[in-house]
């Protein structure tokens, strides 16, 4: 695939070791760093010194943590392309993951797509797992699925629904608002088993919770952010039930056919399929 057709961006805030793992996996699997825009949201560790050593497509140093929405918009606008891939910095990529991701979206006629995902500790051989999983599940797609760990977004989506809401105090709710706009505009999404990532798991959110003295199970976003959706309690409850039922149906079908699903969690040295 012509690399000029896509751009990548991620935001980071401290956690330089995870950013290094992410970049190392990109280099190993041929992801072109000159198509990557990194937004640093006011890191105080060695992140900025490390980023300056890389041949990136661009790097923006914010003076403070402006949140995901602002950072993602900065990255998407700094290097505009037919496809923009918004990704977390606490992930490992796999061979040909971009080509598989965008190729599947175009095959299915979609404008937004996410890869399959294993989340949790890296206590297994991800590369061996990915090779087998992508071969057996490359035609498995969860139409309507998506996640904010990684999104490939076609340029037409920006024109139809706009960019992410640039409000720092949302503290991670930007993806929910964006997904709501996709739904309102009837833009179909999917999660595909053709492309896989390992996700260590919300590292930046965990750091921000520690800074604020919050426990791991406490939410960091404002508890009233849901009001921005303009939905009643009953509507939100019904939507959540429908989503959970759909995820269960996907998981059951995938596990029955393949012995795994395209969304897994590592727990106690084993997989729990989601």
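The values are calculated or read from the model by the stated rules, or taken from the named source; none is laboratory data. Note that this is a predicted model, so its numbers are computed, not measured. Virtual Cβ from ideal backbone geometry, glycine too; neighbours counted across all protein chains shown.
Can you find even one residue in segment 125-138 that is surrounded by fewer than 19 Cβ atoms within 10 Å (Cβ to Cβ), assigned to a loop (DSSP other than H, G, I, E, B), at negative phi and over 14 Å from the mean Cα position of the chain (by Cα)?
yes
Any idea which of 122, 110 is surrounded by fewer than 18 Cβ atoms within 10 Å (Cβ to Cβ) and assigned to a loop (DSSP other than H, G, I, E, B)? Walk me through it before giving the result.
On the way: 110 fails: surrounded by fewer than 18 Cβ atoms within 10 Å (Cβ to Cβ).
Going through 122, 110 in turn, the sole match is 122.
Part of a loop (DSSP other than H, G, I, E, B), surrounded by fewer than 21 Cβ atoms within 10 Å (Cβ to Cβ) and modelled with pLDDT of 95 or more: which single residue out of 54, 21 fits that description? Before the answer, list the steps.
Numbers: 21 fails: part of a loop (DSSP other than H, G, I, E, B).
Criteria check complete, one pass: 54.
Under the condition of being outside any helix (DSSP H, G or I) and over 26 Å from residue 111 (Cα atoms), which residue from segment 168-218 is modelled with the highest pLDDT?
Restricting attention to segment 168-218, the residues satisfying the condition of being outside any helix (DSSP H, G or I) are 171-173, 185-202, 212-218.
Checking which are over 26 Å from residue 111 (Cα atoms) leaves us with 200, 212-218.
Working: 200: 96, 212: 55, 213: 57, 214: 53, 215: 54, 216: 55, 217: 59, 218: 54.
Only one residue fits best here, namely 200.
Condition check: at pLDDT 95 or above, part of a helix (DSSP H, G or I) and buried (at least 23 other Cβ atoms within 10 Å of the Cβ). Does residue 77 satisfy that?
Details: at pLDDT 95 or above: yes; part of a helix (DSSP H, G or I): yes; buried (at least 23 other Cβ atoms within 10 Å of the Cβ): no.
No: the conditions fail for residue 77.
Between a residue in segment 1-20 that is in contact (Cβ under 8 Å) with a residue 24 or more places away in the chain and at positive phi and any residue that is surrounded by 17 or more Cβ atoms within 10 Å (Cβ to Cβ) and not in a helix (DSSP H, G or I), which pairs come within a Cβ distance under 8 Å, given they are 6 or more apart or on different chains?
Qualifying pairs under 8 Å: 14/43; 15/89; 15/90.
State yes or no: is residue 170 under 21 Å from residue 10 (Cα atoms), out of contact with any strand residue (DSSP E or B) (no Cβ under 6 Å at 6 or more places or on another chain) and surrounded by 16 or more Cβ atoms within 10 Å (Cβ to Cβ)?
So residue 170 fits the description; yes.
Among the residues of segment 238-270, count how many are exposed (fewer than 11 other Cβ atoms within 10 Å of the Cβ), within 19 Å of residue 139 (Cβ to Cβ) and touching a residue at least 60 places away in the same chain (Cβ under 8 Å).
0
Kindly list the number of the only condition in (1) surrounded by 17 or more Cβ atoms within 10 Å (Cβ to Cβ); (2) in contact (Cβ under 8 Å) with a residue 24 or more places away in the chain that fails for residue 62.
(2)
Tell me the residue from 104, 31, 84, 47 that is surrounded by 19 or more Cβ atoms within 10 Å (Cβ to Cβ), touching a helix residue (DSSP H, G or I) at 6+ places or on another chain (Cβ under 6 Å) and closer than 18 Å to residue 153 by Cβ, please. Lay out the reasoning, then the answer.
On the way: 104 fails: touching a helix residue (DSSP H, G or I) at 6+ places or on another chain (Cβ under 6 Å); 31 fails: touching a helix residue (DSSP H, G or I) at 6+ places or on another chain (Cβ under 6 Å); 47 fails: closer than 18 Å to residue 153 by Cβ.
Sole residue among the options that is surrounded by 19 or more Cβ atoms within 10 Å (Cβ to Cβ), touching a helix residue (DSSP H, G or I) at 6+ places or on another chain (Cβ under 6 Å) and closer than 18 Å to residue 153 by Cβ: 84.
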